[in-house]
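Working notes, structure below.
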Amino acid sequence: MTFMPAPGYHPTYNPTLPFSKLIPYDLNVGTFVYIQGVAFKNMQRFVVNFALGPDPVAHDIAFHFNPRFDGWNKVIFNSRLSGQWGQEEELRRIPFKNGEHFEMLVIVKQEHYKVLVNKQFFYEFRLRTPLQKVTHLYVDGDMTLQSVNFLRSSSTSCETMEGPPVFYPPVPYMRRLQGGLMTCRTIVVRGFIPLSASRFFINFIVGTTGDIALHINPRMDEKAVVRNSFQNGIWGTEETSISYNPFAPGQYFDLSISASTCNFTVFANGQHIFDYKHRVLVTMVDILEIGGNVALSYVQV
């Protein structure tokens, strides 16, 4: 089954480096770029460029983000306009660690690029060229790039997601789904499983009755992903068959969960993992609940 990302959600999984990708829409205020990877154990440098074209040499760069471990231990910020590098800005503090996972979030603001690394604010780089001129994201260097996601706010309609992603929400997490779980809606959940984690769950709940239309229960202690429904105070028959299991301690995951008239369809990291036939009227679902041993990176409904 082919993965079809939700409107306004543009992930790329496990790309090779160097990575150069056309940004899927005009870069505007409210655009989010999420980058997740693993630093090499002997990492020296890497770059993230918001560029005015696909060629990192020939084209100008609106925002150049460049951690340097090779004796400098600093991060350089700059831009290259009309072929000339501008005034460097630097921060003598590196939030990345050799050999470890990291996640980097760039939020496009009215006057600057706001950078967070591993959930913490890191830097703001003031715009030196109009956002509309930026066309490509370029990444290269001493790291394994595991995913790049472009996200943005969407208007509420049957063809789009309800609104902007919520980044780093606390767990337990609960969100009311405005208008219910429409059959053309996709829920995106990205998170990290701590090394000590045993289990977590994602529930799609009917608020008026307390029934659970779909209970997704990754059990790291059993290496299983259990699905079930809760109706009239009783759990149904568990389903456990799965095409592949993306849930393991120390790993990130990216779930896309959508509902059709017949079933839920769930993709993880761009791969189909299971379908779940409806046991509860899906249009009655109006609450998303997440709990257990998981750290959330973002949720978009």
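Just so you know, all these numbers are worked out from the coordinates, no wet-lab data involved. What you are looking at is a predicted structure, and each value in this text was computed from that prediction instead of being measured. A quick note on method: Cβ atoms are made from the backbone with ideal geometry, for glycine too, and the neighbour counts reach across all protein chains shown.
Would you mind checking the pairs Lys74/Lys97; Lys41/Lys97; Lys21/Lys133; Lys109/Lys133; Lys21/Lys97 and listing those with alpha carbons more than 18 angstrom apart?
Numbers: Lys74/Lys97 12 Å; Lys41/Lys97 8 Å; Lys21/Lys133 15 Å; Lys109/Lys133 15 Å; Lys21/Lys97 26 Å.
Distance filter (> 18 Å) returns Lys21/Lys97.
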Output wanted: per-residue J couplings in Hz (rounded whole) for region 133-145, from phi through Karplus 6.51 cos²θ - 1.76 cosθ + 1.60, θ = phi - 60°, x for Gly and Pro. 7, 6, 10, 9, 10, 10, 9, 7, x, 8, 7, 9, 8
Derived scalar couplings ³J(HN,Hα) [region 223-235; Karplus, 6.51 cos²θ - 1.76 cosθ + 1.60; whole Hz; x for Gly, Pro]: 6, 9, 10, 8, 10, 6, 10, 10, 10, 6, x, 10, 6
Any residue on another chain or 5+ positions along whose placed amide H is under 5 Å from the amide H of Ser198 is listed here as Asn293
Region 192-237: which trypsin sites (Lys or Arg not before Pro) are DSSP loop and have at most 12 other beta-carbon atoms within 10 angstrom? Lys223
How large is the convex hull of the Cα atoms of region 166-300 per residue, expressed in Å³ as a whole number? 101
Rounded to a whole number of µm²/s, how large is the Stokes-Einstein D of the chain at 25 °C and 0.890 mPa s, given Rh as the Kirkwood radius over C-alpha pairs? 120
What share of all Cα pairs of region 9-152, in percent, falls into each consecutive 5 Å distance bin? 2, 10, 21, 25, 23, 14, 4, 0
Amide H of Thr31: which non-local residues (sequence gap of 5 or more, or other chain) have their own amide H closer than 5 Å, using H built in the peptide plane? Val108
What's log10 of I(q)/I(0) for region 74-186 at q = 0.18, 0.21, 0.23 Å⁻¹, Debye sum over Cα points only, no solvent? -1.19, -1.40, -1.53
Between Ser260 and Ser196, what is the FRET efficiency for a Förster distance of 45 Å, r being their Cβ-Cβ separation, to the nearest 0.05? 0.80
List the residues, sorted by chain then number, that are 5 or more residues from Leu181 or on another chain and whose placed amide H is less than 5 Å from its amide H. Val285
